[in-house]
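What follows is a short report on a single structure.
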Amino acid sequence: MIKDRDRRAPTAAEREAHKLFRQAEAKEALTDYAEAQKAFHKNRERLKAERLAREAEAANRTKAG
């Protein structure tokens, strides 16, 4: 077990590297989120188009029949 007094303070280079890694991880997370949102909206639009086509077909059948 490492005690608090045995820990050393991070160097400036380590702090900078940690900062850059956090920024890269945040950017990646936002990219993943944007891709998920894009896929969700694309799927929703596809399902909406299919539903509207079914409803139009059903309306045409009732008019013809």
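Assorted remarks:
- Top of E25, E55, E35 by mean-square fluctuation, Gaussian network on the chain, Cα under 10 Å: E55
- When the helices of the chain are scored as -39500 (n - 2.57) per DSSP H run of n ≥ 4 and the total is divided over every residue, the value at 222 nm lands at -30500 deg cm²/dmol.
- Heavy-atom accessible surface of L47, to the nearest 10 Å², is about 80 Å², with a 1.4 Å probe and all protein chains retained.
- Taking the C-alpha atoms only, the angle from helix 12-64 to the longest principal axis of the chain is near 10 degrees.
- Share of carbon and sulfur in the accessible heavy-atom surface of the chain [1.4 Å probe, %]: 58 percent
- For the chain, the per residue solvent-accessible surface stands at 99 Å², with DNA, RNA and ligands left out and a 1.4 Å probe.
- Restricting attention to the chain, lysine pairs at least eight places apart or on different chains and with alpha-carbon atoms under 30 angstrom apart total 7.
The values are calculated or read from the model by the stated rules, or taken from the named source; none is laboratory data. Because the structure is predicted, anything quoted here is derived from the model rather than measured. SASA here: full protein model, heavy atoms, side chains in, ligands and nucleic acids out. Shrake-Rupley method; radii C 1.70, N 1.55, O 1.52, S 1.80 Å.
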